[in-house]
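The values are calculated or read from the model by the stated rules, or taken from the named source; none is laboratory data. It should be emphasised that the depicted structure is a prediction, and the values quoted were computed from it without experimental measurement. For neighbour counting, all protein chains shown are included, and Cβ atoms are generated from backbone atoms with ideal geometry for every residue, glycine included.
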Amino acid sequence: MTSENHSSPRPIVFDPASRDPSVLVGFDGSDQSIQALHYGALAARSSGRILTVVTAFTVPPQVYTTLAAVPNTSEERTALAAAKAVLAEARTCLRDYPGKVFYRVERGDAAGVLVDLSALAELVVVGSRGRGGFVGRILGSVSSALPAHAHCPTVVVHRDYRISETEGPARFVPQPDQRPIIVGTDRSRHSRVAALHAAQVAQDRGATLHMLMALPSLEGWADWYPEVITANRDMTSRRVSQLEETLQAEVDWLAGHYSSVPITAAVKPGDPVALLSRATAQAQLTVVGNRGRSGFTGVLLGSVSRGVLLRAEGPVMVVPDLDDKRL
């Protein structure tokens with residue numbers, strides 16, 4: 001009898017020195033890809049990275065029943081021309097952008113193209129919906145494609161993101177924002193990696209970092225153990241106090257690597273997805289690991305990160321399990 005090895009995938013090697021210092025934006029010409037483009041441009045400016053804009057095209061296999069049905073222009077040439085036209089839209093959107101920009105047209109499935117290129121980039125940015133190219137198919141099942149398979153952090157920009165109405169280069173100058181960067185933590189390796197990347201964003205933007213830990217309630221046990229209802233408040237209060245001590249240790253560890261970043265922390269009773277989803281409305285950016293303590297081995301995107309992406313009201317960064325020596 002044989003046994004299968006169900007060990008977790010190995011962490012992804014992430015050495016900024018060996019990667020292009022780039023913010024990769026998936027662009028398909030849709031309104032939300034324009035939002036992602038603006039967000040990515042600001043992210044590149046605030047972090048000193050190069051902006052790379054990518055669009056992808058595919059050529060489905062064609063079957064022609066007669067010679068007369070064969071088009072004069074090849075399907076690939078037509079698709080390539082359409083993709084270049086889409087990139088021309090991106091150039092128009094970035095006409096006053098003062099930083100360096102690269103534009104790329106790639107043949108292949110949009111999600112697959114971005115996943116492959118994410119092995120060289122430091123950040124990938126996409127909108128929450130598209131024209132059926134980049135994120136139209138990705139966020140149809142938002143938590144199963146790019147954020148699950150990317151080799152670097154992915155930011156999904158929500159449809160309520162507001163683009164600056166300022167004209168000229170000033171349109172791409174990051175504006176002061178008092179809202180914090182919020183990171184969900186559950187003391188797992190994945191959430192510690194996410195916290196490191198959240199702290200880096202906070203440092204780049206001069207923002208406060210807020211670490212949020214959720215304590216699931218015991219209400220679901222009430223039908224089976226009615227006595228839990230009476231003890232629930234006291235138990236929750238004691239457990240919150242215990243976890244606050246643990247969370248403070250995480251704050252101290254993170255501050256050792258990012259001493260210039262103001263860090264606050266809180267333990268809140270409630271469902272992690274609901275708490276973090278609400279937090280997205282009050283944050284510049286909400287950061288989660290792609291899996292946490294409750295993740296099943298082999299599952300590439302956990303239920304919390306998937307749920308937050310689906311219910312978010314602001315930009316969300318999903319950080320994969322990256323190999324980081326600071327851990």
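Of the residues contained in the stretch 221-232, none is found to be at pLDDT below 95 and crowded, with 19+ Cβ neighbours inside 10 Å.
Just one of the listed residues (D204, D160) is out of contact with any Leu (no Cβ under 7 Å at 6 or more places or on another chain), of a type in the set (D, E) and not assigned by TED's automatic domain parsing to the domain that holds V23, namely D204. Could you please find all residues in the stretch 193-216 being in a strand (DSSP E or B) and under 24 Å from P11 (Cα atoms)? Matches in the stretch 193-216: M211, L212, M213.
For the residues L67, L37, the requirement of being at pLDDT 85 or above and either outside the structural domain of V201 (by TED's automatic domain parsing) or loosely packed, with under 15 Cβ neighbours inside 10 Å (or both) singles out L37. Reported count of residues in the stretch 114-152, each being part of a helix (DSSP H, G or I) and modelled with pLDDT under 90, is 12.
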